[in-house]
1. Which count do you get for residues in segment 418-430 that are more than 26 Å from ARG445 (Cα to Cα) and buried (at least 22 other Cβ atoms within 10 Å of the Cβ)?
2. If I ask for residues that are more than 16 Å from the ligand (Cβ to nearest atom) and buried (at least 24 other Cβ atoms within 10 Å of the Cβ), which ones from segment 395-417 would you list?
3. So which residues in segment 447-462 are open to solvent by 100 Å² or more (accessible area, probe 1.4 Å) and under 24 Å from PRO419 (Cα atoms)?
4. Would you check which residues across segment 79-98 are open to solvent by 30 Å² or more (accessible area, probe 1.4 Å) and more than 16 Å from the ligand (Cβ to nearest atom) and list them?
5. Are any residues in segment 148-167 open to solvent by less than 50 Å² (accessible area, probe 1.4 Å) and either at pLDDT below 95 or touching a helix residue (DSSP H, G or I) at 6+ places or on another chain (Cβ under 8 Å) (or both), and if so, which ones?
6. Evaluate segment 332-355: report whether one residue or more is out of contact with any strand residue (DSSP E or B) (no Cβ under 6 Å at 6 or more places or on another chain), over 29 Å from GLY64 (Cβ atoms) and either in a loop (DSSP other than H, G, I, E, B) or open to solvent by 70 Å² or more (accessible area, probe 1.4 Å) (or both).
7. So in segment 247-278, with the set limited to residues that are of a type outside the set (Lys, Arg), surrounded by fewer than 20 Cβ atoms within 10 Å (Cβ to Cβ) and outside any loop (DSSP other than H, G, I, E, B), which one is farthest from the chain's Cα centre (by Cα)?
Amino acid sequence: MSSPRFRPYEEDVDVQSPNRNLAPLGAEVDQEGQLWVGGCRLADLADHYGTPLYVLDETTLRAGCQAYCRALVRHYPGKSLVLYASKAHSSLAMAALMASEGLGLDAVSAGELLTALGGGMDPRNMVLHGNNKSRDELRLALEHGVTVVLDNWLELDLLERLCGQQGQRARLLIRFTPGIECHTHEYIRTGHLDSKFGFDLEELDTVLQRLATASWADVAGLHAHIGSQIFELQPHEDLAAVMVKALARARALGHHPKDLNVGGGLGVRYVDSDDPPAIAAWVQTVSAAVVAACRQQQQPLPRLLCEPGRSLVATAGLTLYQVGSRKEIPGVRTYVAVDGGMSDNPRPITYQSRYTACLPQRCRDAATDTVTVAGKHCESGDVLLHHIPLPPVASGDLLAVLATGAYNASMGSNYNRIPRPAAVLVQGGQAQLVQRRETHQDLLRWDILPEHLCQPGAVPIR
Ligand code: LLP
């Protein structure tokens, strides 16, 4: 169970590290108990844009970017670059915002790559990931000078052919599995990892040897990513040591790798009891481990790259819903249903993820009701929050679910043919629509009705 506390009475707000707060930095509660974010009253946003609505706080997004960049300057003596893992939330506006903060970007598909380019991201600061990149995706990356994170042998062959045909060179980071496996709050080290991504650590030498004679390939560095929503610092410290050793191996085999990409993974607060490390602490730990390992192994300092996704965007976002029906099952539970659910936030049904919610028009009222917040999809498991304390909830109330900025919109679906919500970016009392609400017409764009099936009574959708 989680009860939200908001400014001004959330006293321990971490302005340096937004991943440690439940609410966006720009959240405030007024005298009447109304919640505002970025100078916009949430009730006004709901009136104007409708619900469900993703609200993104620009101040929080920028604070997260600056926290990473500042900490790297402070704690890492070499060059560095933060690549935003755009799988967490991919949109033109987000790519543009990240670019404006000097970040690069990690894409895992042509779609994410084109979105980033459309947002003005510099392709030289981008990497393309993926365990099964298509020829077209690889061609696109090469065309734009995007670094390819080499994942497997098939891809190596494909790249060799593509570069040969086009007389191009590919800038590569080699992805390997470092034998460090994280299960959110604990981790294990193994020789081999059961992962679909990257080369096994044992294979790395063979890959490096093959690439040593490949005139088309520039082995620019190495990459590893150990997991997501991680609260421990030790696995990242261990990762740095493993990676520096691999970097030394690459140099010994004739390469000149400059980049060390340690992936993402820093966790965020979804419920009050979550206690992730601060961004600066994460950066400091990784930096110190890389510096120590380089010193110990007498290696020059690489350019340090990291790929945070969730910790940059999760707590900048919230989702506004309107409450509809209420069903009381005496002695069991009370359901209140909202006008969205698993299609705009598939994380609870997929990972049993927990969230925190509040009534943004009654933030100062005592939480005397206990409800289970269900979505509107035709699926019993479509429940966003279980058994949470709230002020008495009635039909027509607005409900805000916090920390939905990461892996919500990007993992959303149209299950039950429910259109995707709109998204607004708020700051300084201004709300800017960054993703318009999907319409029913949008949904039918993909459908083709074969002529021989046409029924006389078919109703065109407007
Ligand atoms: N780099 C690579 C290669 C990754 O695979 C990921 C996440 C990241 C960076 C960013 O990790 P972050 O900083 O966001 O933890 N859908 C899941 C999360 C999947 C993460 C996949 N990879 C969720 O909703 O929890």
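The values are calculated or read from the model by the stated rules, or taken from the named source; none is laboratory data. Worth saying up front: this structure is predicted, and the values here are computed from it rather than measured. Note that we place each Cβ from the backbone using ideal geometry, even for glycine, and neighbour counts take in every protein chain shown. Surface areas here come from the heavy atoms of the whole protein model, side chains and all, with no ligands, DNA or RNA. Shrake-Rupley method; radii C 1.70, N 1.55, O 1.52, S 1.80 Å.
1. Filtering segment 418-430 for residues more than 26 Å from ARG445 (Cα to Cα) gives 425-430.
When the remaining residues are screened for being buried (at least 22 other Cβ atoms within 10 Å of the Cβ), the result is 425-426.
Adding up the residues that qualify gives 2.
2. First, pick out the residues of segment 395-417 that are more than 16 Å from the ligand (Cβ to nearest atom): 395-400, 414-417.
Within segment 395-417, LEU399, ALA400 qualify.
3. Initial filter on segment 447-462 (open to solvent by 100 Å² or more (accessible area, probe 1.4 Å)): 448-449, 451-452, 455-456, 459, 462.
Within segment 447-462, ILE448, LEU449, VAL459, ARG462 qualify.
4. Here is the first cut: in segment 79-98, the ones open to solvent by 30 Å² or more (accessible area, probe 1.4 Å) are 79-80, 87, 90, 92-93, 96.
Those that are open to solvent by 30 Å² or more (accessible area, probe 1.4 Å) and more than 16 Å from the ligand (Cβ to nearest atom): LYS79, LEU92, ALA93, ALA96.
5. Within segment 148-167, VAL148, LEU150, GLU155, LEU156, LEU158, LEU159, LEU162, CYS163 qualify.
6. Checked segment 332-355: at least one residue is out of contact with any strand residue (DSSP E or B) (no Cβ under 6 Å at 6 or more places or on another chain), over 29 Å from GLY64 (Cβ atoms) and either in a loop (DSSP other than H, G, I, E, B) or open to solvent by 70 Å² or more (accessible area, probe 1.4 Å) (or both).
7. We begin by selecting, within segment 247-278, every residue of a type outside the set (Lys, Arg); these are 247-248, 250, 252-257, 259-268, 270-278.
Pick out the ones that are also surrounded by fewer than 20 Cβ atoms within 10 Å (Cβ to Cβ) and you get 248, 252-254, 256, 271-275, 278.
With outside any loop (DSSP other than H, G, I, E, B) added as a condition, the list becomes 248, 252.
On the way: ALA248: 31, ALA252: 36 Å.
Looking at the filtered set, the residue picked out is ALA252.
For every residue, the table says whether it meets (1) closer than 30 Å to ALA292 by Cβ; (2) among the aliphatic types (A, V, I, L, M).
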residue	(1), (2)
ASN21	no, no
GLN31	no, no
GLN34	no, no
GLY39	no, no
PRO52	no, no
TYR68	yes, no
ALA88	yes, yes
